[in-house]
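**Q** The structure is given below, and queries will be raised subsequently.
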Amino acid sequence: PTKDSLLILTTVSPERIMATVRSRCQMFRFPPLAANRVAQLLQVQEGWDEERSVFFSRFTDGSLSRAFKLAGEEFFSRKNEIIDNLVLARNNEAYLKTVLSDKERTREALEVLLSWFRDLLLMKAGAGHQQIIHADRGPDVAKLASCYTFLQLEEIVTQTIETTRLLDENLNVKIALTLLRDRICLRS
């Protein structure tokens, strides 16, 4: 490039850019909007109900564009389907096969499970409904939080993260997801 050129690089993973390139860049960080601000915007501008807007604002970590994208894909009903079939149901072999049939469905299920068990950890630690992502399922979160120990919840979160990593590396996650499902079903 000429000396008057200005290149703008955008990334969500700056650590993946080579150090030689990073050293010549000036970094600007754009923090996400506060979740309560996103919820407010969704309610006022889009007319969403409070339950739905709070969920999307927390689940997307303040990303308004991602909230719109997921809402357009009927994600709200799918996340409840994931919770009902992979957490609450005991006989879920058919649903597990459906999830495993598509990499994006598997990724989505893992993301929902991670947020769900994060909520269980928070609830078990004494956080209120105003801090959990799945506030629309508050009674289920409160009930299940008492069914697991802190160690069990930590192991589930760790295994969910590991399964996501395996998926990102294009490895077969059938066994890992089956083991995760079995760990979820083993409540104290």
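**Q** Looking only at region 6-17, decide whether some residue is touching a residue at least 24 places away in the same chain (Cβ under 8 Å) and small (G, A, S). Lay out the reasoning, then the answer.
**A** Initially, region 6-17 is screened for residues touching a residue at least 24 places away in the same chain (Cβ under 8 Å), giving none.
Checking region 6-17: not a single residue is touching a residue at least 24 places away in the same chain (Cβ under 8 Å) and small (G, A, S).
**Q** Can you name every residue in region 160-181 that is touching a residue at least 60 places away in the same chain (Cβ under 8 Å), open to solvent by 20 Å² or more (accessible area, probe 1.4 Å) and over 15 Å from E104 (Cα atoms)?
**A** Residues satisfying the conditions are T178, R181.
**Q** So is D136 open to solvent by less than 70 Å² (accessible area, probe 1.4 Å) and within 19 Å of T60 (Cα to Cα) or not? Spell out the reasoning first.
**A** Details: open to solvent by less than 70 Å² (accessible area, probe 1.4 Å): yes; within 19 Å of T60 (Cα to Cα): yes.
The answer is yes for D136.
Rundown of residues vs (1) modelled with pLDDT of 90 or more; (2) in a helix (DSSP H, G or I), yes/no style:
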{"position": "T10", "(1), (2)": "no, no"}
{"position": "P31", "(1), (2)": "no, no"}
{"position": "Q43", "(1), (2)": "yes, yes"}
{"position": "R58", "(1), (2)": "yes, yes"}
{"position": "A71", "(1), (2)": "no, yes"}
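**Q** Right, something else. For the subset of region 143-159 comprising residues that are in a helix (DSSP H, G or I) and under 15 Å from A89 (Cα atoms), which member is most open to solvent (accessible area, probe 1.4 Å)?
**A** Filtering region 143-159 down to residues in a helix (DSSP H, G or I) leaves 143-145, 150-159.
Of the ones still in play, those that are also under 15 Å from A89 (Cα atoms) are 143-144.
Values: K143: 138, L144: 9 Å².
This residue is K143.
**Q** Here is a check on your reading of the model: is T11 touching a Lys or Arg at 6+ places or on another chain (Cβ under 6 Å) and not hydrophobic (A, V, I, L, M, F, W, C)?
**A** Working: touching a Lys or Arg at 6+ places or on another chain (Cβ under 6 Å): no; not hydrophobic (A, V, I, L, M, F, W, C): yes.
No: the conditions fail for T11.
**Q** Among the residues of region 17-67, what is the count of those that are open to solvent by 60 Å² or more (accessible area, probe 1.4 Å) and touching a His at 6+ places or on another chain (Cβ under 8 Å)?
**A** Qualifying residue count, region 17-67: 0.
Conditions (1) touching a helix residue (DSSP H, G or I) at 6+ places or on another chain (Cβ under 6 Å); (2) not hydroxyl-bearing (S, T, Y), marked per residue:
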{"site": "E111", "(1), (2)": "no, yes"}
{"site": "H129", "(1), (2)": "yes, yes"}
{"site": "Q152", "(1), (2)": "no, yes"}
{"site": "T158", "(1), (2)": "no, no"}
{"site": "D168", "(1), (2)": "no, yes"}
{"site": "L171", "(1), (2)": "no, yes"}
{"site": "L179", "(1), (2)": "no, yes"}
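**Q** Please specify each residue of region 74-90 satisfying the condition of being open to solvent by 10 Å² or more (accessible area, probe 1.4 Å) and either touching a His at 6+ places or on another chain (Cβ under 7 Å) or over 16 Å from L100 (Cα atoms) (or both).
**A** Correct list: E74, F76, S77, N80, D84, L88, A89, R90.
**Q** Just to be sure I understand, how many residues within region 121-142 are part of a loop (DSSP other than H, G, I, E, B) and among the β-branched types (V, I, T)? Reasoning before the result, please.
**A** So the first thing to find is which residues in region 121-142 are part of a loop (DSSP other than H, G, I, E, B), and the list is 125-128, 132-134.
Now restrict to residues that are among the β-branched types (V, I, T): 132-133.
Adding up the residues that qualify gives 2.
**Q** Those residues that are open to solvent by 70 Å² or more (accessible area, probe 1.4 Å) and under 16 Å from L144 (Cβ atoms), I need them from region 91-127; list them, please. Before you say what the answer is, go through the steps one by one.
**A** Kept after step one, since they are open to solvent by 70 Å² or more (accessible area, probe 1.4 Å), are these residues of region 91-127: 91, 93-94, 97, 101, 103-105, 118, 125.
R118, A125 - these are the residues of region 91-127 that are open to solvent by 70 Å² or more (accessible area, probe 1.4 Å) and under 16 Å from L144 (Cβ atoms).
**Q** Let me ask something else. Tell me, please, whether a residue that is hydroxyl-bearing (S, T, Y), at pLDDT below 95, over 17 Å from the mean Cα position of the chain (by Cα) and part of a helix (DSSP H, G or I) can be found in region 82-95.
**A** Step one: filter region 82-95 for residues hydroxyl-bearing (S, T, Y), giving 95.
Next cut, at pLDDT below 95 only: 95.
Those left that are additionally over 17 Å from the mean Cα position of the chain (by Cα): 95.
Retained after the next criterion (residues that are part of a helix (DSSP H, G or I)): 95.
Yes, there is a match, as at least one residue in region 82-95 is hydroxyl-bearing (S, T, Y), at pLDDT below 95, over 17 Å from the mean Cα position of the chain (by Cα) and part of a helix (DSSP H, G or I).
**Q** Residues of region 160-188 being acidic (D, E) and outside any helix (DSSP H, G or I), which ones? Lay out the reasoning, then the answer.
**A** Filtering region 160-188 for residues acidic (D, E) gives 162, 168-169, 182.
Listed by number, the list holds a single entry, E169.
The values are calculated or read from the model by the stated rules, or taken from the named source; none is laboratory data. These numbers come from a predicted model, not from an experiment. Note: ideal-geometry Cβ built from the backbone for every residue, glycine included; neighbour counts use all protein chains shown. These accessible areas exclude ligands, DNA and RNA; they are computed on the full protein's heavy atoms, side chains included. Shrake-Rupley method; radii C 1.70, N 1.55, O 1.52, S 1.80 Å.
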